[in-house]
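Engineer: Pasting a structure below so you can have a look.
The values are calculated or read from the model by the stated rules, or taken from the named source; none is laboratory data. This structure is a prediction, so every number in the text was calculated from the model and none was measured. Please note: Cβ atoms are built from the backbone with ideal geometry, for glycine as well, and neighbour counts cover all protein chains shown. When the accessible area is computed, the model is the full protein with side chains, heavy atoms only, and any ligands, DNA or RNA have been set aside. Shrake-Rupley method; radii C 1.70, N 1.55, O 1.52, S 1.80 Å.
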Amino acid sequence: EQDVQRRDFTINGLLYDPVEERVIDHVGGRADLERGVLRCIGEADARFDEDRLRMLRAVRFAVRFELTIADETWDALRARAPQITAVSAERIRDELCKMLLERRPDQALVLLQSSGLLAAILPEVEALRGVAQPVEYHPEGDVFEHTRLVLSHLTLPPADEAPSWRREALALGALLHDVG
């Protein structure tokens, strides 16, 4: 039970007893799953201070499992977003690539932007907001919206048909194609 209290999100605090074949839930993870909510265990501030990468994991889990981030978790994430740069670039890259390989990378982009994480980890992509395009070629809006739409239409080869580095390169290419 003490170990569970130090984990990141209630959905990750569920335990399984294989002897009794039952789920043990000390933190309300089942109820959060049923409600479609992603919530930190205990104080969100404390969880993010323990490991700032959890902020990116929150975005990834919200998109992957189609969850809404709980208000207190969202508020703590937004307040600490600029601190994500304390995490190594390699760990940030790995989480970002996982997000981009999910079914809805466009939703991950929107959450990254609205949380403030995007400005901290990819200011070049954040800078696409408000950059106008010729309406006759791009009626969708600014370059950021164009990039979001590109990600929404991204079709990656199945994992069993392409190595992960190729899938990641394609996804990153879609994300970064207009940063210049």
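Engineer: Which of (1) open to solvent by less than 50 Å² (accessible area, probe 1.4 Å); (2) among the charged types (D, E, K, R); (3) over 24 Å from GLU168 (Cβ atoms) is the odd one out, the single condition ASP45 does not satisfy?
Structural biologist: All conditions pass for ASP45, except number (1).
Engineer: Sticking with this one: Give me the pairs, please: first residue somewhere in the range 70-85 and of a type in the set (Gly, Ala, Ser), second residue anywhere and part of a helix (DSSP H, G or I) and surrounded by 14 or more Cβ atoms within 10 Å (Cβ to Cβ), beta-carbon distance under 6 Å, and either six or more positions apart or on two chains.
Structural biologist: ALA76/ALA44; ALA76/ASP45; ALA76/PHE48; ALA81/SER115; ALA81/LEU117; ALA81/ALA120
Engineer: When the residues of the range 2-54 are filtered to those that are in a loop (DSSP other than H, G, I, E, B) and touching a strand residue (DSSP E or B) at 6+ places or on another chain (Cβ under 7 Å), which remaining residue is farthest from LEU111 (Cα to Cα)?
Structural biologist: Among residues in the range 2-54 that are in a loop (DSSP other than H, G, I, E, B) and touching a strand residue (DSSP E or B) at 6+ places or on another chain (Cβ under 7 Å), the one farthest from LEU111 (Cα to Cα) is ILE41.
Engineer: Hey, can you tell me all the residues within the range 126-180 that are charged (D, E, K, R), in a helix (DSSP H, G or I) and either open to solvent by 80 Å² or more (accessible area, probe 1.4 Å) or without any contact (Cβ under 8 Å) to a residue 60 or more places away in the chain (or both)?
Structural biologist: Of everything in the range 126-180, those that are charged (D, E, K, R), in a helix (DSSP H, G or I) and either open to solvent by 80 Å² or more (accessible area, probe 1.4 Å) or without any contact (Cβ under 8 Å) to a residue 60 or more places away in the chain (or both) turn out to be GLU126, GLU145, ARG148, ARG166.
Engineer: Could I ask something else about it? Name the residues in the range 52-95 that are β-branched (Val, Ile, Thr), open to solvent by 20 Å² or more (accessible area, probe 1.4 Å) and more than 11 Å from the chain's Cα centre (by Cα), would you?
Structural biologist: Hits for the range 52-95 are THR68, THR85.
Engineer: Kindly provide the set of residues from the range 15-42 that are under 21 Å from the mean Cα position of the chain (by Cα) and buried (at least 19 other Cβ atoms within 10 Å of the Cβ), ordered by number.
Structural biologist: GLY29, ASP32, VAL37, LEU38, ARG39, CYS40, ILE41 - these are the residues of the range 15-42 that are under 21 Å from the mean Cα position of the chain (by Cα) and buried (at least 19 other Cβ atoms within 10 Å of the Cβ).
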